[in-house]
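J.: Please see the structure below; I have some questions.
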Amino acid sequence: MLVGGLAVVVVLALAVGLVGIPLYHKLFAPSPTERVLAAAAEVAAADAVHLTGGLSVDETDTQQTVDLTVDVKGRAYGTVRRAGGRADVVSDGDGNTYVRGDRRWVLATDPARAGYLVGKWATAGSGLTVLPSKLSPTDLAAYLKAGLRADDPRHAAVDADPAYPRSVHGTAVTPLKLPGGGVAYVTADEPYRLVAVDGGVGAADTAHVAFDVTHVRKSAFDKGIAGYGGVDRDRDPVAPARYEVGKADNGYCDESSCSESGTVKADGGDTTRRGHLVGLFSTDKAGKHAFATCTAKLPAIRPNHSAKVTCSADPDEWRAWTATSPDPHFWVFLLPLSGGYDDDPKLVLDLLRSNRLSTYGALAGGDAVDSTAALDLVNRLGKRHGWTGDAAVEAVAQLAESGALGVVQPLVAGDHLTLDAETFNARFRPTDLPRYDEAARRVAGGTGRVAIGPWTDSDGSTYEGDVFDLTGKRVVTVTDLGGTGRAAVRAAVVGGARDARSAKVPAGFGRDLRLVAGASSPLYRVGRGDVRAALRDAGVRRKDLAGLTAIVVGTGGGTVTLHPADFA
């Protein structure tokens, strides 16, 4: 009995040991709120933080990638990328942020200034939707603590939806939802530290960030920001002068030549780079029926001063008109081009000669002449795509305003992209930008020709869809994988698949679903190898994807192509 009793005691002790440790952790481990507060204290003690990840702009569904290092004073340096462009960024700690963008960046953010702003430091404008000086270690800590109250379940951090990953770059984490809606990825075990954060910290009102967070020593930060010592913080690049033609003088014309003059006045801008004066000779007072053009280099004109400039008609064009015209009356229109912007008289003359504009003012009154990218696109849409000049000018203005010009113009210039003249201006929305990004991605991957839907083929049949991969014979439906949990992810996939199946596609074309998990998506941090499992865990099934050829998923970890057969 004694031995048996001892055996019973031992077995019971083992049993208690088996359940006692997990129960202890369950009952006595710090609460989610305590873990977030511990992580906040840890990040607040850092000299600086290195933040890498993405940013989603809610109004347009556009995506940006961010790589910034920020110290406790709010000084920052790094890069931001969007629409195929890149900008270097530096903040001085006093609330001043400066940006130096490449051509595609400037075309996406301020296309009218592309001619003189590319590659130069300037005060950050509306194109920068992240606020570097608001991302210091102290700011991150304050964001984590906002709304939290110890021992108050109404103001507590809670476990995030299972859709959020439990590992970030190999580090086991617990994603915890904050009272303000953000998510803090805190190490699963003590000592608790912040590994990543999602939400609105350091972002404009309509943006959502997803940053990985690592500590940086002061010595390393000082060395990094020293590389940005060439920033001129005293002044932005001076805007180039704009010109206007005041008094027009009657020139001299005969059967073989014609010259017209005008007084060109500069405003107070920079006149260092001399521009051109171009002219249109037309048989009507609207300037619609051009028969000759002229071009002249502007002389040196001081700011707020003027000079007389003479412009002589192209002799071949002039003689051809005088030899055949029964009416000697004509009108002359003069347009000054600023040399500080993207001054390109040849592009302007090509458009003026085309007679595609309803009036001369359709060009002279707009911003198209401020950017060669814009003017080139206007010309190409007319010459190769059959657009009227007025429609092309309007379309390019919309693309420029929405930030898509830097993506669309290279695609059209490379003969990759077809735009439908009949429907573009009626249907274009800023939220169409992900469609152009997908078209650019496919071209970069080797596709020769793409179109933005609706698309009309050579037989006159019109088809509906987001993006037409004309080389690969696919119609692509682009869907944002936003939301805050598995239910939202599954709803987005099911809805996108339904839209893909309802698209009117040409015979022989497959149907692709492009899923974009941007910074606002719980799947943003999911690696390429884990995407299928994450979608399956969200409840996506094979039947939901019936009729699709491929499912192309993009996350912060890369892009992976799946197929309905990959799902149960």
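J.: Of the residues in segment 32-70, how many are assigned to a helix (DSSP H, G or I), within 22 Å of Arg217 (Cα to Cα) and open to solvent by less than 10 Å² (accessible area, probe 1.4 Å)?
T.: 3
J.: Still on this model: Working only within segment 480-492, note down all residues that are outside any strand (DSSP E or B) and either out of contact with any Leu (no Cβ under 8 Å at 6 or more places or on another chain) or surrounded by fewer than 24 Cβ atoms within 10 Å (Cβ to Cβ) (or both). Steps first, please.
T.: Here is the first cut: in segment 480-492, the residues outside any strand (DSSP E or B) are 481-492.
The answer is Gly482, Gly483, Thr484, Gly485, Arg486, Ala487, Ala488, Arg490, Ala491, Ala492.
J.: Scanning segment 425-463 for residues that are touching a helix residue (DSSP H, G or I) at 6+ places or on another chain (Cβ under 7 Å) and of a type in the set (A, V, I, L, M, F, W, C), which turns out modelled with the lowest pLDDT?
T.: Per the stated criteria, the residue is Phe428.
J.: For the condition on the phi < 0 side of the Ramachandran plot, assigned to a helix (DSSP H, G or I), open to solvent by 40 Å² or more (accessible area, probe 1.4 Å) and among the hydroxyl-bearing types (Ser, Thr, Tyr), what is the one hit in Thr431, Thr471? Spell out how you get there, then give the answer.
T.: Details: Thr471 fails: assigned to a helix (DSSP H, G or I).
The conditions single out Thr431.
J.: Something else about it: Would you tally the residues in segment 275-321 being in contact with a Ser or Thr (Cβ under 8 Å, 6 or more places away or on another chain), part of a loop (DSSP other than H, G, I, E, B) and under 19 Å from Gly246 (Cβ atoms)? Please lay out each step first, then the result.
T.: Step one: list which residues in segment 275-321 are in contact with a Ser or Thr (Cβ under 8 Å, 6 or more places away or on another chain), which gives 275-281, 283, 286-291, 294, 296, 300-303, 306-315, 317-319.
With the extra rule that they be part of a loop (DSSP other than H, G, I, E, B), the set shrinks to 275, 283, 286-289, 300-303, 314.
Cutting the leftovers down to under 19 Å from Gly246 (Cβ atoms) gives us 275, 287, 300-303.
Residues in segment 275-321 being in contact with a Ser or Thr (Cβ under 8 Å, 6 or more places away or on another chain), part of a loop (DSSP other than H, G, I, E, B) and under 19 Å from Gly246 (Cβ atoms): 6 in total.
J.: Quick one: in segment 255-274, which of the residues that are touching a Phe, Trp or Tyr at 6+ places or on another chain (Cβ under 7 Å) and open to solvent by less than 10 Å² (accessible area, probe 1.4 Å) is farthest from Ala241 (Cα to Cα)? Break it down stepwise before answering.
T.: The initial filter retains those residues of segment 255-274 that are touching a Phe, Trp or Tyr at 6+ places or on another chain (Cβ under 7 Å), namely 257-259, 264-266.
Pick out the ones that are also open to solvent by less than 10 Å² (accessible area, probe 1.4 Å) and you get 258, 264, 266.
Values: Cys258: 29, Val264: 12, Ala266: 6 Å.
Filtering segment 255-274 for residues that are touching a Phe, Trp or Tyr at 6+ places or on another chain (Cβ under 7 Å) and open to solvent by less than 10 Å² (accessible area, probe 1.4 Å), the one farthest from Ala241 (Cα to Cα) comes out as Cys258.
J.: Let me ask another. Between a residue in segment 98-111 that is touching a residue at least 24 places away in the same chain (Cβ under 8 Å) and any residue that is open to solvent by 40 Å² or more (accessible area, probe 1.4 Å) and in a strand (DSSP E or B), which pairs come within a Cβ distance under 9 Å, given they are 6 or more apart or on different chains?
T.: Listed by first residue and then by second, the contacts come to Tyr98/Thr123; Val99/Thr123; Gly101/Arg86; Arg104/Arg86; Trp105/Arg81; Trp105/Arg86.
J.: For Ser219, are the conditions met, namely being part of a loop (DSSP other than H, G, I, E, B), hydroxyl-bearing (Ser, Thr, Tyr), open to solvent by 20 Å² or more (accessible area, probe 1.4 Å) and out of contact with any strand residue (DSSP E or B) (no Cβ under 7 Å at 6 or more places or on another chain)?
T.: On the way: part of a loop (DSSP other than H, G, I, E, B): no; hydroxyl-bearing (Ser, Thr, Tyr): yes; open to solvent by 20 Å² or more (accessible area, probe 1.4 Å): yes; out of contact with any strand residue (DSSP E or B) (no Cβ under 7 Å at 6 or more places or on another chain): yes.
Judged against the criteria, Ser219 is not a match.
J.: Right, something else. Could you please find all residues in segment 188-199 being surrounded by 17 or more Cβ atoms within 10 Å (Cβ to Cβ) and touching a residue at least 40 places away in the same chain (Cβ under 8 Å)? If you could, list the steps in order and put the result at the bottom.
T.: Keep residues of segment 188-199 that are surrounded by 17 or more Cβ atoms within 10 Å (Cβ to Cβ), which gives 192-199.
Correct list: Tyr192, Arg193, Leu194, Ala196, Val197, Asp198, Gly199.
J.: Collect the residues in segment 79-107 that are in a strand (DSSP E or B) and open to solvent by less than 10 Å² (accessible area, probe 1.4 Å), keeping them in residue-number order. Give the steps one after another, and end with the answer.
T.: First pass over segment 79-107, keeping only residues in a strand (DSSP E or B): 79-82, 85-92, 97-101.
Matches in segment 79-107: Val80, Gly85, Ala87, Val89, Val90, Ser91, Gly101.
J.: Take the residues in segment 301-336 that are over 19 Å from Gly262 (Cα atoms) and small (Gly, Ala, Ser); name whichever of them is most open to solvent (accessible area, probe 1.4 Å).
T.: Ala323
J.: Only one of these conditions is not met by Asp415: (1) assigned to a loop (DSSP other than H, G, I, E, B); (2) closer than 18 Å to Val516 by Cα. Which number is it?
T.: Unmet for Asp415, out of (1) assigned to a loop (DSSP other than H, G, I, E, B); (2) closer than 18 Å to Val516 by Cα: (2).
J.: Would you point out the residue of segment 397-419, among those that are in contact with a Gly (Cβ under 7 Å, 6 or more places away or on another chain) and of a type in the set (Gly, Ala, Ser), that is surrounded by the fewest Cβ atoms within 10 Å (Cβ to Cβ)?
T.: Ala397
J.: Please go through (1) over 30 Å from Ala538 (Cβ atoms); (2) out of contact with any His (no Cβ under 6 Å at 6 or more places or on another chain); (3) open to solvent by 20 Å² or more (accessible area, probe 1.4 Å) for Pro506 and return the number of the only condition it doesn't satisfy.
T.: Unmet condition: (3).
J.: Among the residues of segment 423-444, is any over 16 Å from the mean Cα position of the chain (by Cα) and farther than 24 Å from Ala503 by Cα?
T.: yes
J.: Of the numbered conditions (1) more than 17 Å from Pro111 (Cβ to Cβ); (2) modelled with pLDDT under 85, Gly414 satisfies every one except a single condition; which is it?
T.: Checking Gly414 against (1) more than 17 Å from Pro111 (Cβ to Cβ); (2) modelled with pLDDT under 85, the one that fails is (2).
J.: If Ala150 meets every condition in (1) open to solvent by 30 Å² or more (accessible area, probe 1.4 Å); (2) in contact (Cβ under 8 Å) with a residue 40 or more places away in the chain; (3) within 29 Å of the chain's Cα centre (by Cα) apart from one, which number is that one?
T.: Among (1) open to solvent by 30 Å² or more (accessible area, probe 1.4 Å); (2) in contact (Cβ under 8 Å) with a residue 40 or more places away in the chain; (3) within 29 Å of the chain's Cα centre (by Cα), the lone unmet condition for Ala150 is (3).
J.: Right, another one. With Glu422, Glu394 as the choices, which residue is among the acidic types (Asp, Glu), at pLDDT below 90, surrounded by fewer than 22 Cβ atoms within 10 Å (Cβ to Cβ) and outside any helix (DSSP H, G or I)? Spell out how you get there, then give the answer.
T.: Numbers: Glu394 fails: outside any helix (DSSP H, G or I).
Being among the acidic types (Asp, Glu), at pLDDT below 90, surrounded by fewer than 22 Cβ atoms within 10 Å (Cβ to Cβ) and outside any helix (DSSP H, G or I) holds for just one of Glu422, Glu394, which is Glu422.
J.: Could you run through segment 155-176 and say how many residues are open to solvent by 20 Å² or more (accessible area, probe 1.4 Å), assigned to a loop (DSSP other than H, G, I, E, B) and within 9 Å of Pro32 (Cα to Cα)?
T.: 1
J.: Which of the following residues is part of a strand (DSSP E or B), open to solvent by 10 Å² or more (accessible area, probe 1.4 Å) and of a type in the set (Lys, Arg): Arg511, Arg536, Arg532, Arg498?
T.: Numbers: Arg536 fails: part of a strand (DSSP E or B); Arg532 fails: part of a strand (DSSP E or B); Arg498 fails: part of a strand (DSSP E or B).
That would be Arg511, the only listed residue that is part of a strand (DSSP E or B), open to solvent by 10 Å² or more (accessible area, probe 1.4 Å) and of a type in the set (Lys, Arg).
J.: Among the numbered criteria (1) without any contact (Cβ under 8 Å) to a residue 60 or more places away in the chain; (2) part of a loop (DSSP other than H, G, I, E, B); (3) hydroxyl-bearing (Ser, Thr, Tyr), which one does Thr477 miss?
T.: For Thr477, the failing item is (2).
J.: Determine if segment 228-246 includes at least one residue that is open to solvent by less than 10 Å² (accessible area, probe 1.4 Å), under 30 Å from Leu481 (Cβ atoms) and touching a residue at least 12 places away in the same chain (Cβ under 8 Å).
T.: No, segment 228-246 contains no residue that is open to solvent by less than 10 Å² (accessible area, probe 1.4 Å), under 30 Å from Leu481 (Cβ atoms) and touching a residue at least 12 places away in the same chain (Cβ under 8 Å).
J.: Does Ala76 count as closer than 28 Å to Val183 by Cβ, open to solvent by less than 10 Å² (accessible area, probe 1.4 Å) and of a type in the set (Gly, Ala, Ser)? Full working, then the answer.
T.: Details: closer than 28 Å to Val183 by Cβ: yes; open to solvent by less than 10 Å² (accessible area, probe 1.4 Å): yes; of a type in the set (Gly, Ala, Ser): yes.
The answer is yes for Ala76.
J.: The conditions are (1) part of a loop (DSSP other than H, G, I, E, B); (2) among the hydroxyl-bearing types (Ser, Thr, Tyr); (3) modelled with pLDDT of 95 or more, and Tyr143 fails exactly one of them. Which is it?
T.: Exception for Tyr143: condition (1).
J.: Return the pairs, sorted by first residue and then second, in which the second residue is among the charged types (D, E, K, R), the first residue lies in segment 547-568 and is part of a strand (DSSP E or B), the beta carbons are less than 7 Å apart, and the residues are 6+ apart or on different chains.
T.: The qualifying pairs are Ala550/Asp512; Val552/Asp512; Val552/Arg514; Gly558/Arg528; Val560/Arg528; Leu562/Arg532.
The values are calculated or read from the model by the stated rules, or taken from the named source; none is laboratory data. All figures in this text were calculated on a predicted structure; none of them were measured in a lab. Reconstructed Cβ throughout: ideal geometry from the backbone, glycine too, with neighbour counts over all protein chains shown. Heavy atoms of the whole protein, side chains included, go into the accessibility calculation; ligands, DNA and RNA do not. Shrake-Rupley method; radii C 1.70, N 1.55, O 1.52, S 1.80 Å.
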